[in-house]
């Protein structure tokens, strides 16, 4: 009887030990995922969806912490103080490294980071509202601009949308008044209401519904490839196809997860594998679908290439704008 009891105890202990990670195996404590933007936004929500499913798949929870300020600059700068052990990861955007350093005196650079895996990508589209503005095409936009200043909407002064529109219009000798809104919702509502004539907004369920209803019209996508069969429209051309060579590689709102530079490669590989597994999880797929955005699991090399391409594009656009302003 004693032998049976001892055998049962040993079996239970071994089973309990088998369910835990060995000391030193990653992860063996909670992971913090830093989001440089406010809670409730699309990037924050996607990060929380990743954390929710990842926590269920791993023995350790992933906790999202919002560190906001300076349009993300505060979080990117403070992240340089984090350890290189993979337990503090950060959500990042291409623009943090392709655009911000060319506009602001930031204290960080991509060389301070180890990009690990891409998150969602969001296509940016140029829209008009023909019923309100009478603008049905890019040619109409140029004609209106030459007749008098256009009223254009963007998510911020110096954001990527404004930069692209300014470079495009300045190329044709056209200037505009920029009206700043709090994201796509504000821009689309202003287009529908006729407060602005032209604007950049995210491709998503909201814009799709308005296209179907005929309250806004897409003129071009900022991406490298045109959009086929979207919201009843056969094809939305690229800005490059409108004749702007500087947009050959395109621009889109691409996010990714990064670690501090020097994080061991085996830990980076583990994070990539775990997050990629999350993307294939049925629960996550439902959560992702609810937000209406596609995941783009780029690897480190692809992320770095995208940053470099976008950095070069921004340089060219800034030169076009500078030349226009100096005339």
(request) For residues that are outside any helix (DSSP H, G or I) and under 18 Å from the mean Cα position of the chain (by Cα), scanning just segment 50-66, find the one that is surrounded by the fewest Cβ atoms within 10 Å (Cβ to Cβ). (result) 65
(request) Look at residue 216 and say whether it is closer than 26 Å to residue 131 by Cβ, at pLDDT 95 or above and in contact with a helix residue (DSSP H, G or I) (Cβ under 9 Å, 6 or more places away or on another chain). (result) yes
(message) Under 7 Å between Cβ atoms, which residue pairs at least 6 apart in sequence (or on different chains) link something in segment 221-242 that is assigned by TED's automatic domain parsing to the domain that holds residue 203 and at positive phi with a partner that is at pLDDT below 95 and not in a loop (DSSP other than H, G, I, E, B)?
(response) 231/208
(request) Pull up segment 159-172, narrow it to residues that are farther than 18 Å from residue 137 by Cβ and surrounded by fewer than 23 Cβ atoms within 10 Å (Cβ to Cβ), then point me to the one that is nearest to the chain's Cα centre (by Cα). (result) 159
(request) Among residues belonging to segment 139-158 that are touching a residue at least 24 places away in the same chain (Cβ under 8 Å) and surrounded by fewer than 20 Cβ atoms within 10 Å (Cβ to Cβ), point out the one that is nearest to residue 220 (Cα to Cα). (result) 142
(message) Go through segment 1-35 and report how many residues are at pLDDT 95 or above and either under 15 Å from the mean Cα position of the chain (by Cα) or exposed (fewer than 10 other Cβ atoms within 10 Å of the Cβ) (or both).
(response) 2
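The values are calculated or read from the model by the stated rules, or taken from the named source; none is laboratory data. Quick caveat: nothing in here was measured; it's all calculated off a predicted structure. Note: ideal-geometry Cβ built from the backbone for every residue, glycine included; neighbour counts use all protein chains shown.
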